[in-house]
2 protein chains.
Amino acid sequence: MERIPILKMGPFLLVTIQVDMHDRLAQTLQDDLAERVVKDGSRGVLIDISSLEVVDSFIGRMLARIASISRILDAETVVVGMQPAVAITLVELGMSLEGVKTALNVEKGMEILQRSLGVETGGDENAHPEN
Amino acid sequence: MERIPILKMGPFLLVTIQVDMHDRLAQTLQDDLAERVVKDGSRGVLIDISSLEVVDSFIGRMLARIASISRILDAETVVVGMQPAVAITLVELGMSLEGVKTALNVEKGMEILQRSLGVETGGDENAHPEN
């Protein structure tokens, strides 16, 4: 069955959206993420949407819902890699993604999570601000 | 245009394969990865194939080719999340993915890269060669 892989990165979970999200796939992702947050005791969820060039209210609602569910489960959500056109569309759709943090890329998103949660991951590579 | 996102994680690049790879997409990924390895000065490439349930010789060759290109550019490749059935198929196809390291998941793959990078640089991060 088609499902979006969820990668564990230390205390965080990482998801990259790169396919068209239809109803069932979004539902599966939402369920899988909730389950993994609890199972892995994750404190943060990173959702990379850098390959999304267009977005609709369905995706916007999905992101907001994932963030809400994660928050209840004590995990923060950071949406990373949003393209300017996507941000414009979301605002035009009246979706300001309140409660969802955003960052330029995965590295910066992880820094936000580490800072906000006071979590130190094992590898010190992530602490290097390269470039 | 459809392309697979490449995420920078410290000194490594991460790619998750979750769509059917057709010729042009594989070619684009290969080109994008080579470019990013050079541009970011990356020392390792992690390719997550946990969502691949079937594999053919085309994918096998793509993985081997990416690893070869990365190696020439001084980056190691680790394929992570391979399902047992995929491993069986690859061997049956006569593709043993020589020169490609594998790991159970992204975390373990990253450990392999960090260890191997530490060995290469003599454990001294300042020895990181700048291009």
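The values are calculated or read from the model by the stated rules, or taken from the named source; none is laboratory data. Only a predicted model underlies this, so the values are computations on that prediction, with no experimental measurement involved. Backbone-built Cβ (ideal geometry, glycine too); neighbour counts: all protein chains shown.
Is at least one residue of region A:21-40 touching a Phe, Trp or Tyr at 6+ places or on another chain (Cβ under 8 Å) and either facing chain B (nearest Cβ under 9 Å) or of a type in the set (K, R) (or both)?
Scanning region A:21-40, I find no residue that is touching a Phe, Trp or Tyr at 6+ places or on another chain (Cβ under 8 Å) and either facing chain B (nearest Cβ under 9 Å) or of a type in the set (K, R) (or both), so the answer is no.
Is it the case that some residue within region B:39-46 is among the β-branched types (V, I, T) and in a loop (DSSP other than H, G, I, E, B)?
No.
Which residues, counting only those in region B:3-20, are touching a residue at least 24 places away in the same chain (Cβ under 8 Å) and either more than 8 Å from chain A (Cβ to nearest Cβ) or within 15 Å of the chain's Cα centre (by Cα) (or both)?
Listed by number, the residues that qualify are B:I4, B:I6, B:K8, B:M9, B:P11, B:F12, B:L13, B:L14, B:V15, B:T16, B:I17, B:Q18.
Here are B:M95, B:M62: which of them is buried (at least 17 other Cβ atoms within 10 Å of the Cβ), at pLDDT below 95 and more than 15 Å from the chain's Cα centre (by Cα)?
Going through B:M95, B:M62 in turn, the sole match is B:M95.
Quick check: is even one residue across region B:82-100 in contact (Cβ under 8 Å) with a residue 40 or more places away in the chain, out of contact with any Cys (no Cβ under 8 Å at 6 or more places or on another chain) and at negative phi?
no
Mind counting the residues in region B:31-56 that are surrounded by fewer than 16 Cβ atoms within 10 Å (Cβ to Cβ) and not β-branched (V, I, T)?
5
Collect the residues in region A:84-121 that are outside any loop (DSSP other than H, G, I, E, B) and not aliphatic (A, V, I, L, M), keeping them in residue-number order.
A:P84, A:T89, A:E92, A:K101, A:T102, A:E107, A:K108, A:G109, A:E111, A:Q114, A:R115, A:S116
Do we find a residue being surrounded by fewer than 19 Cβ atoms within 10 Å (Cβ to Cβ), among the aliphatic types (A, V, I, L, M) and in a loop (DSSP other than H, G, I, E, B) anywhere in region A:68-76?
yes
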